[in-house]
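Enquirer: Below you'll find the structure I mean.
The values are calculated or read from the model by the stated rules, or taken from the named source; none is laboratory data. Predicted, not measured: the structure shown is a model, and the values here were computed from it. No Cβ is skipped: glycine too gets one built from the backbone with ideal geometry, and neighbour counts run over all protein chains shown.
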Amino acid sequence: MPAPLVDGGLVAVAAGDAWLAVSDTSWLGVALAAVACAALALRRFLPLAVVLLTLPATVVADLVFAPLAALFALAERSRDRRLPAGCAVLMAAASAAPWPWHDPDSRDRTWTLIQFVYTLAGTAAPVLLGQLVQARRDLSQRLAEIEEAREHERALHAQAVLARERAQLAREMHDVVSHQVSLIAVQAGALQVAAKDTDSREAARTIRSLSVSTLDELRNMVALLRASGGRATELTPQPTLADVRRLVATSGIDAELTGRLPDTVSTPAQRAIYRTVQEALTNVRKHAPGAGATVELWRDGDHVGVTVTNSRPTRPSLPLPGSRQGLVGLRERAEILHGTFASGVTAEGGYEVSLRIPAQPE
C-alpha cells in the first residue's frame, strides 16, 4: 500500500481511539491528544520526536493506539536498542501516573505500581515487534546481498571455465589441425617440385597455396582464442605413449625413436609427451627440410621426459606461416604438470626440444 495511505489510516485510527479516550476530559487533553494523533504522520522521519509528542497526551488521557504506534515506529527504525526500551518504560510511567496529580496514599501507590507493571508489558510488545520487523528486514537485505554475490561468483566461474575451454581448444587446434595442414603443405610443395607435367604442378601449387592460407587463418583463430584463454586442465582424451611410435613412423622425415617408458605413467603425462613429439616433428618438417631427428624417451627417478633433436637442414625451408604458439603451448603443458620445458639451437646447428615432467600427478 502507498505510504501516505498507510499514514493516513494510522492517524484516523488514532483519532478514533483518542475521541473515545478524551470525551470527558478538558480542552488540554483534547489538544494534547490531537497533537499525538497528528504526530503519527511523521513517524517515518522523526520517530523519537513522535514518541515525545505522544507522552503528554498519555499522561492526561487513556490513549492506547497512538503510544503503541509511536513505540513500534521507533523500535523499527532505531539501531540503539536502549532507546526504544527507555521510551517504553517512560511511556508506561506516563500512562500509570495519576492525573490530575495529587498526593496518593499507600493503597493508591500500590495500584499505581501494579498498573505500571501491566502497562510496561503492553508497551514492551510494540518495541519487541518493531525490533523483529527490523531484524527481518535486515536479514532480507543480507540474503539479497548474498544472492547477488553468489550470482557474481557464478558469473566469474563461468567466465573462468570458458577461458580454460578456449585455451584448451586453441592448444588442440594448433597441435592437431596445424600438424595435419602443415604436412599437406610440405607434401604439396614436394610434389610441385617433383611433378613433371604442368597439370600436376599446377594442382600441387593450388594445394600448397590453400594449405598456406589455411595455416594463416588457423594462426589468427588460435591467437583469438588465446586472447581470452587461460591455463587449461587436460580433460579431453588424447593419444598416449602407444601412439608415439606410429607418430614417428608417419612423420614424413628420417626420424628414429629410442628409449621406452612404462605404461604406468599418468595419462596427462603421456599426452604431454605425445604433443611434444608431434610439435617438434612438425617444426622439423616446416623449418628444417632434409634434417633427421631423434626422439628419445627417458626416465629419471620419479620423472619422465622426452628429448627431440634434429640435425642441420640440408635445403632451404618453404616460407610457411607460423603461429608461434606451439612452443608456448608445450611450456604451458609442462607448467600445468609441474614440469619443465626447454628448447634451443644445438652446437651442430640443429634444434633440441626437451620435456621433463613427473611420472605421476603431484
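Enquirer: Scan Gly350, Gly344, Gly301 and give me the residue that is touching a Lys or Arg at 6+ places or on another chain (Cβ under 6 Å) and modelled with pLDDT of 85 or more. Explain how you work it out, then say what you get.
Expert: Working: Gly344 fails: touching a Lys or Arg at 6+ places or on another chain (Cβ under 6 Å); Gly301 fails: touching a Lys or Arg at 6+ places or on another chain (Cβ under 6 Å).
After applying the criteria, what remains is Gly350.
Enquirer: Do you know which residues across the range 43-67 are closer than 11 Å to Leu10 by Cα and either at pLDDT 90 or above or under 47 Å from the mean Cα position of the chain (by Cα) (or both)?
Expert: In the first step, residues of the range 43-67 are kept if they are closer than 11 Å to Leu10 by Cα; the result is 43, 65-66.
Selection gives Arg43 alone.
Enquirer: Let me ask you something else. Could you please find all residues in the range 29-62 being outside any helix (DSSP H, G or I) and of a type in the set (A, V, I, L, M, F, W, C)?
Expert: Looking only at the range 29-62, we keep the residues that are outside any helix (DSSP H, G or I), and these are 43-46, 61-62.
Once the filter is applied, which keeps residues that are outside any helix (DSSP H, G or I) and of a type in the set (A, V, I, L, M, F, W, C), the range 29-62 yields Phe45, Leu46, Ala61.
Enquirer: Quick one: would you say Val177 is more than 30 Å from Ile207 (Cα to Cα) and assigned to a helix (DSSP H, G or I)? Show your work before the answer.
Expert: On the way: more than 30 Å from Ile207 (Cα to Cα): no; assigned to a helix (DSSP H, G or I): yes.
Considered against the rule, which asks whether it is more than 30 Å from Ile207 (Cα to Cα) and assigned to a helix (DSSP H, G or I), Val177 comes out as no.
Enquirer: Same structure again: Report yes if Ala272 is under 13 Å from Leu330 (Cα atoms), surrounded by 13 or more Cβ atoms within 10 Å (Cβ to Cβ) and in contact with a Lys or Arg (Cβ under 6 Å, 6 or more places away or on another chain), otherwise no.
Expert: yes
Enquirer: Which residue out of Thr267, Thr294 is surrounded by fewer than 21 Cβ atoms within 10 Å (Cβ to Cβ), in contact with a strand residue (DSSP E or B) (Cβ under 8 Å, 6 or more places away or on another chain) and polar (S, T, N, Q)? First the steps, then the outcome.
Expert: Numbers: Thr267 fails: in contact with a strand residue (DSSP E or B) (Cβ under 8 Å, 6 or more places away or on another chain).
Going through Thr267, Thr294 in turn, just one is surrounded by fewer than 21 Cβ atoms within 10 Å (Cβ to Cβ), in contact with a strand residue (DSSP E or B) (Cβ under 8 Å, 6 or more places away or on another chain) and polar (S, T, N, Q): Thr294.
Enquirer: On the basis of being within 26 Å of Ala135 (Cβ to Cβ), modelled with pLDDT of 85 or more and of a type in the set (A, V, I, L, M, F, W, C), does Val89 make the cut? Working first, answer last.
Expert: On the way: within 26 Å of Ala135 (Cβ to Cβ): yes; modelled with pLDDT of 85 or more: yes; of a type in the set (A, V, I, L, M, F, W, C): yes.
Criteria met by Val89.
Enquirer: Kindly establish whether Asp216 is assigned to a helix (DSSP H, G or I), acidic (Asp, Glu) and more than 20 Å from His287 (Cβ to Cβ).
Expert: Values: assigned to a helix (DSSP H, G or I): yes; acidic (Asp, Glu): yes; more than 20 Å from His287 (Cβ to Cβ): no.
So Asp216 fails the test.
Enquirer: Something else: Considering each residue of the range 327-350, count those that are in contact with a strand residue (DSSP E or B) (Cβ under 7 Å, 6 or more places away or on another chain) and either farther than 19 Å from Arg171 by Cβ or in a strand (DSSP E or B) (or both), and give that number. Show your work before the answer.
Expert: Looking only at the range 327-350, we keep the residues that are in contact with a strand residue (DSSP E or B) (Cβ under 7 Å, 6 or more places away or on another chain), and these are 327, 330-331, 334, 337-346, 350.
With the extra rule that they be either farther than 19 Å from Arg171 by Cβ or in a strand (DSSP E or B) (or both), the set shrinks to 340-346, 350.
Number satisfying all stated conditions: 8.
Enquirer: Is it fair to say Thr307 is within 18 Å of Arg246 (Cα to Cα), surrounded by fewer than 22 Cβ atoms within 10 Å (Cβ to Cβ), in contact (Cβ under 8 Å) with a residue 40 or more places away in the chain and not acidic (Asp, Glu)? Let's see the steps before the verdict.
Expert: On the way: within 18 Å of Arg246 (Cα to Cα): yes; surrounded by fewer than 22 Cβ atoms within 10 Å (Cβ to Cβ): yes; in contact (Cβ under 8 Å) with a residue 40 or more places away in the chain: yes; not acidic (Asp, Glu): yes.
Yes; evaluated as a whole, the condition is true for this residue.
Enquirer: Could you list all residues from the range 273-314 that are touching a Gly at 6+ places or on another chain (Cβ under 9 Å), assigned to a strand (DSSP E or B) and charged (D, E, K, R)?
Expert: Glu296, Arg299 - these are the residues of the range 273-314 that are touching a Gly at 6+ places or on another chain (Cβ under 9 Å), assigned to a strand (DSSP E or B) and charged (D, E, K, R).
Each row is one residue, and each column tells you yes or no for (1) touching a strand residue (DSSP E or B) at 6+ places or on another chain (Cβ under 7 Å); (2) at pLDDT 80 or above; (3) of a type outside the set (A, V, I, L, M, F, W, C).
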position	(1), (2), (3)
Ser140	no, yes, yes
Ala144	no, yes, no
Ala158	no, yes, no
Gly229	no, no, yes
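Enquirer: How many residues does the range 1-47 contain that are aliphatic (A, V, I, L, M), in contact with a helix residue (DSSP H, G or I) (Cβ under 6 Å, 6 or more places away or on another chain) and under 25 Å from Glu76 (Cα atoms)?
Expert: Initial filter on the range 1-47 (aliphatic (A, V, I, L, M)): 1, 3, 5-6, 10-15, 18, 20-22, 28, 30-36, 38-42, 46.
Narrowing further to those that are in contact with a helix residue (DSSP H, G or I) (Cβ under 6 Å, 6 or more places away or on another chain): 10-11, 13-15, 18, 22, 32-33, 35-36, 39-42.
Those still in the list that are under 25 Å from Glu76 (Cα atoms) too: 10-11, 13-15, 18, 32-33, 35-36, 39-42.
Here the count works out to 14.
Enquirer: Of everything in the range 252-281, what is among the charged types (D, E, K, R) and modelled with pLDDT under 85? Give them in sequence order. Walk me through how you get there before you give the answer.
Expert: Step one: of the range 252-281, the residues among the charged types (D, E, K, R) are 254, 256, 260, 263, 271, 275, 279.
The answer is Asp263, and nothing else.
Enquirer: If you don't mind, another one. Restricting attention to the range 27-51, and to residues there that are touching a residue at least 24 places away in the same chain (Cβ under 8 Å) and of a type in the set (Gly, Ala, Ser), which single residue is nearest to Pro67 (Cα to Cα)? Lay out the reasoning, then the answer.
Expert: Step one: of the range 27-51, the residues touching a residue at least 24 places away in the same chain (Cβ under 8 Å) are 28-29, 32-33, 36-41, 43-44, 47-48, 50-51.
Right, trim to of a type in the set (Gly, Ala, Ser) and you get 29, 33, 36, 38-39, 41.
Values: Gly29: 15, Ala33: 11, Ala36: 8, Ala38: 12, Ala39: 11, Ala41: 13 Å.
My answer is Ala36.
Enquirer: Moving on to the next point. Checking the conditions here, which among Ala70, Ala75, Ala94, Ala124 is buried (at least 16 other Cβ atoms within 10 Å of the Cβ), at pLDDT 90 or above, assigned to a helix (DSSP H, G or I) and in contact with a Ser or Thr (Cβ under 6 Å, 6 or more places away or on another chain)? Reasoning before the result, please.
Expert: Details: Ala75 fails: in contact with a Ser or Thr (Cβ under 6 Å, 6 or more places away or on another chain); Ala94 fails: at pLDDT 90 or above; Ala124 fails: in contact with a Ser or Thr (Cβ under 6 Å, 6 or more places away or on another chain).
Only one candidate qualifies: Ala70.
Enquirer: A further question follows. Pairs needed: first member in the range 102-120, at pLDDT 75 or above; second member anywhere, among the hydrophobic types (A, V, I, L, M, F, W, C); C-beta distance under 6 Å; at least 6 residues apart or different chains.
Expert: What qualifies is Thr112/Ala96; Gln115/Ala96; Phe116/Ala92; Phe116/Ala96; Thr119/Ala92; Thr119/Ala96; Leu120/Ala92.
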